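The values are calculated or read from the model by the stated rules, or taken from the named source; none is laboratory data. Source: prediction; values computed, not measured. Note that each Cβ is placed from the backbone with ideal geometry, even for glycine, and that neighbours are counted across all protein chains shown.
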Amino acid sequence: MKIIRGIKIGGLQQKIFNLILIFILAVVGAYAAVSYYQQKSLFGIAEEASSEQQEAITDVSQSTMQAVLEASLTKSTALQAYIANDLFSDVRTDVLTLQAFASELYEHADSFSAHDYYEPDPAKDGTASVQMQHEEGVDPASSGQLGLVANMSEIMLAMFESSDKLNSCFVATADGCILFVDDRSASYVSEDGEVYPFEVRERPWYLQAEEAGELIFTGIELDAFTGIPGLVCAAPVYSNGELVAVVGADIFLTSVSDYVSSTATEGGFVCVVGDDGKVLFSPQESGIFKAELSSEAQDLRESGNEALAAFVTQALKERTALTLIEVDGNEYFMTGAPLGTLGWTVISVVDKAVAYQPTQEMLSQYESINGSAMDTYRQNAGRSNRMVIVITLILVALAFIGALTVSGRIVKPVEHMTRKINAIEGSSQVFEMEDIYRTDDEIEILAESFSSLSKRTRDYITEITRITAEKERIGTELALATRIQLDMLPNIFPAFPDRPEFDIYASMDPAKEVGGDFYDFFLIDETHLGIVIADVSGKGVPAALFMMVSKILMQNSAMTGVSPAQVLQTVNGQICSNNREEMFVTVWFGILDTATGTVTAANAGHEYPAVQQSGGQFELLRDKHGLVIGAMEGIRYNEYELTLTPGSRLFLYTDGVPEATDAQGNMFGTERMLAALNNDTGASPEKVLKNVRDAIDDYVKDAEQFDDITMVCVEYIGTDKKG
């Protein structure tokens, strides 16, 4: 044994040194092996957890995306169909107007003198003007009708100039002449100034209108002079049972084609299919949805694709739900909505792969974040291992303690992390940061990455699940509330098929999912019919609940046999006794004696009823109003009587009828209501309500309905007409 500078060589000190050195090296080697095994196991567990989380993200995201796509795409398709149908509906109205005017001209021909008419003038090209053409061999000067129909010049010119939809409007006579309005005068005159002949009675619209005997829409055809595709709406005009003329208007369909072409997006587009199942308009340049000439186009219902054929057949009849169909080797989500006026349908198509693209992007971001975290961990782990080796070689004496400390700091957190990750099942748990991972090295970085990624994934899935469940719950509850409210009102007609003394019909269209208006009618005894119409203050669910309470109280009180005024007084007292929300309801209540036609009624702040006596017209009955029910206790109500003779009608309504407003805020009003009622004075109660509703819809057009619209009509037939 030698001592060199205080170090024993070959002695016990050296052996201990060697033993410690060997032990340290063995420990370092064992630690390295264990660390390698633990890291490899950790990466395997992390990859497995990542795969399970990706599957959970895919399932939840795709189901959510499909639900959102169904809600938005079906509504969008229905709106596009409604807008397109509105175009053709307006043209139909214009042609019916021309038909009515022409019929009046022919019926009172003796009252009209011949009106001037002119051939096309190229100098007026670009300006709307009234022009005349005729068939080859026809002398317009000898026409017995041209001068008469020329009296329609001003109305056709006004109709053309006021509409942005019409390409032209016309009246064609049965003797081969046509009077029309457009702004393309130069198209009808040759270079040498001769007006082109026009075979009026050979045009498809003339032949189809003559054959049908009523208003028709032609298929798509090329304009005789411009070659632009369009369609014609035409209607025949008869005098003394003979066809004397055909009136009509045409529309160029370039705007429809341009609009459909503009809908093409990555993986999605809109197309229009005709009533023959053939694609009329489409942005697709190839494939089954490519628009081709009618003679070459394929009927999609005969394409051999059963799923597509069934879908197109349904879409031509009614709105469809979101449907997944394989076409041309790809899967597409489709939804359709019909155009009732023409029998066409609008179909929206979205590539399934594009619809699920957000899911793929989410998974890509997930993989990017996860891969970045793993790369960072690998780099830092390698750096730590090299540092441990260097420190072990330089500081052998301290390496023993350092090795134990480092092994504890590395192995224990890794083992704990492994157990926690193994305990995670799908998306039900998350990896959470604990003090054991706070080692100020790569382990802490990896743990923080796992914790952040796991929490974000769980929060995302939880939020999507919550939003989806909430939307489904609200939709289900509102649908149930609507059904309950409608079931509370009499809705089976005829209501009393075994009572020929009277006929009654009613309707209620709420402004929201549920409404505050209500009506009711019921037999108090064999000869007395109770009739109620009411309007609760407010809208939505609160008004609907108040409406149901009011309806029940009214019927219960009426069935006791007291007078209408006493019924209103009793119900007012019951509502006022517990009306903390200070809501109120206007009510008209009457009792019809079916044997005599006498109506005893009382009015609590409700609209004036309209009465039509037999053979007369509807007029407002300005009865005396009492205070609304629910406003003040102790109110007494007056009642009055009116007598309905056989054939008389009583019309009741809520303020939603006269206060229906158009897009400019103008009200429908009682004058228009009375005009609609008197449009057909012999109509049944059901037809009376339909006439009023149609008049409201024509007036407000696309304006939103802000108030409930409720109507009741009763016709007294009398006992002498039984059987």
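Okay, here's what the table says:
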item: Residue 450 modelled with pLDDT of 70 or more and not in a helix (DSSP H, G or I); result: no
item: All positions within region 634-679 that are in contact with a helix residue (DSSP H, G or I) (Cβ under 8 Å, 6 or more places away or on another chain) and part of a helix (DSSP H, G or I); result: 672, 673, 675, 676, 677, 679
item: Filtered residue count, region 429-447, keeping only those that are of a type outside the set (A, V, I, L, M) and not in a helix (DSSP H, G or I); result: 8
item: Selection count, region 588-633, where residues are over 21 Å from residue 658 (Cα atoms), β-branched (Val, Ile, Thr) and assigned to a strand (DSSP E or B); result: 5
item: Some residue of region 104-121 being under 30 Å from residue 341 (Cβ atoms) and of a type outside the set (Asp, Glu); result: yes
item: Within region 547-563, considering residues that are surrounded by 23 or more Cβ atoms within 10 Å (Cβ to Cβ) and not polar (S, T, N, Q), the one farthest from residue 580 (Cα to Cα); result: 558
item: Strands (runs of 3 or more DSSP E) contained entirely in region 199-317, each with at least 1 residues that are among the basic types (Lys, Arg) and at pLDDT 85 or above; result: none
item: Options 126, 144: the member that is surrounded by fewer than 20 Cβ atoms within 10 Å (Cβ to Cβ) and farther than 24 Å from residue 233 by Cα; result: 144
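Listed here are the residues, each with its yes/no results for (1) closer than 23 Å to residue 657 by Cα; (2) modelled with pLDDT under 75; (3) out of contact with any Cys (no Cβ under 7 Å at 6 or more places or on another chain).
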site: 472; (1), (2), (3): no, yes, yes
site: 498; (1), (2), (3): no, no, yes
site: 512; (1), (2), (3): yes, yes, yes
site: 523; (1), (2), (3): no, no, yes
site: 534; (1), (2), (3): yes, no, yes
